[in-house]
Amino acid sequence: MSTSRKLRKKGISKPGQTASTGDDFYPPQVGPALKHNLPLGPLDFETVKKLRTQSSDEFQAINDELKSLEMRQVELARKAVLCRNRVQTLDTVLSPFRRIPEDVLHEIALFSLPSQPTVTVKQAPLSLSRVCSVWRNVVLSSSKMWACLYVIIRKPAQLKVALLRIREWSKHAVNHPLDLFLHIAFDTTKHRSDFFAFMRSVSSISPMRRLGLATPRSDSYFLNDFKLPRIESFVIKRSFRSFSSFASDAHKTLATHLTFHELAIGRYISISDLMTQCPWSQLTSLVILQPLSLDQFQQILKRCLQLRNGVFHLLCDIRNEERDVIAVDGKPFVHATLQDLFIDAGWVQHPSHQYAGAPATKTSLVAPSVLQLYRFPAMKTLTIRSNDDVGYEYHAFDGPLVFEQFEALQELTLTGKWGDSLPCAQDLMKSCPNVRRLVFESSKSQHSIDLLDFLAMHPTFLPRLSTLVLRLRDGYEETDDEESDSASSIKRSRQTCDAVLNEVVKMVQARCSTSIRPEARLQELRISFQLPVFSKASRRREDEFRQTLAAYIAAGLRVIVDIGKKYLVGRDRYWDLLLHPTERLLEDWDI
């Protein structure tokens, strides 16, 4: 901006114009001359000329001073930037983070280790190693940082490179036990000598805590001259989804390894040969994703007398259902050590298992049968996932199922289809008087509404319940109208959301009433809805819901609500324990 513009902006006119502050600044003869355009006399002309010279000199002086100030301002701004950068640099030098002792930094790096073995450079602790060379040396010097390695080998030519990588990795791990996962993506039968030599070299690596092995053929797990290293955990997986059993003598090798206490067996692997050969008695954690019959499940429980954590996929074969149910000869089997049980049940009839005359609507009662025929006095956590309507034919029994009282059970999770009236789930809950955390994930909103209504009508039911987690898988009921537009879906979602939240309010009012003992009141409520996107409406509905429960929230109730967001149901922690890795390359290891 020019100097003249700056002057005009401040109310000062250009020379020759009337000042905005008044005419008293000029001699008397100037006013009439400007107003009437009359010529000045000689004396007046000299007076005005002298005044003009003085004003011009004053203007020039002011203008020079303004330019000097502008230059000074630019110089000061430059110096300010330099000083600011200098201060930031000195703050970095004086920062407490720079003075973190190496042993503390080492503990921070270990604390930030993720549960999954595959870490990106943007995640801690690898991100810490990119700060400076000192931090990098400290972070990467920990043997625990090198405790887990996942290797995928797609071609036989990569075996030598993979072996070098494994050996170099184990050197960094020093004496820390290594968790090694090998995914063999090629047919080992066509390159048996190279593969066997590779596995013999791998078996010599020590120490090793966990070994995961995925190959196209199950007989590659146990080679005649391959001895498993001294490990605590063993993961078996098929890299291709084709079914085959173990080789005739391969399973016998497994019985000679008495060191591991954790075993995971993926799908498409027959365990019929393992039933008598596997060292079940030493296992404390077991994951079997290949479907088991009730009879096989019973045999495993009888052999795994030290088992504490179990994940099982149970299949009730319709053709052998009666034999399965009476397998215990009327005497319940008691397992004294099992503390955490995950049952994936309710899978009834698959096209490959159909037979002539099979009832089309036959409903499996696998999960209730397990809980009725077995006793687990030490169980603390129970998770049952069912893909079939467990309570569909519940009324077919002469009387209600009687479950053993689970006195030690503290956490109960029910997911999937649990019947239109939930009688089976209610009977199960009645057997769990000390449950403090209830997780319910229903495939239909009406099931959740029924459960909430039941909890509201019976405040003394589950008297120690402090945390309720409610998950609605779909935001609206299933419809046969394939041409239903998105607007209708959103409308149904809003109606479902309102119906469920209204029932939640009633349940909270009943379970947080002052008439209930303080230790028996609900303390935490988590609700997750997976609805079509209507973010503004869902956020407004969530705010209204919180306002309705404001008094209870102020009294200490913790409320967490996710509406309109997709929630991720995490893998069970014992799946994480045995089936690493699960974060990257899910198509390879998410079994």
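Selection of region 178-188 for residues being under 32 Å from the mean Cα position of the chain (by Cα) and surrounded by fewer than 17 Cβ atoms within 10 Å (Cβ to Cβ) yields only Ala185. Condition test on Leu51, is it in contact (Cβ under 8 Å) with a residue 24 or more places away in the chain, over 26 Å from Lys144 (Cα atoms), aliphatic (A, V, I, L, M) and touching a Ser or Thr at 6+ places or on another chain (Cβ under 7 Å)? When the stated conditions are applied, Leu51 does not pass them.
Taken over region 147-173, the criterion of being over 24 Å from Phe186 (Cβ atoms) and either surrounded by fewer than 18 Cβ atoms within 10 Å (Cβ to Cβ) or in contact with a strand residue (DSSP E or B) (Cβ under 8 Å, 6 or more places away or on another chain) (or both) is satisfied by Ala147, Lys171, His172. His106 satisfies every condition listed in (1) outside any helix (DSSP H, G or I); (2) over 23 Å from Phe234 (Cα atoms) except (1). Please determine whether any residue of region 115-133 is surrounded by fewer than 10 Cβ atoms within 10 Å (Cβ to Cβ) and not in a helix (DSSP H, G or I). Yes - at least one qualifying residue is present in region 115-133.
Throughout, read-outs are computed from the coordinates displayed, never taken from laboratory work. Just so it is clear, the model here is predicted, and its values are computed rather than measured. So basically every Cβ, Gly included, is an ideal-geometry build from the backbone, and we count neighbours across all protein chains shown.
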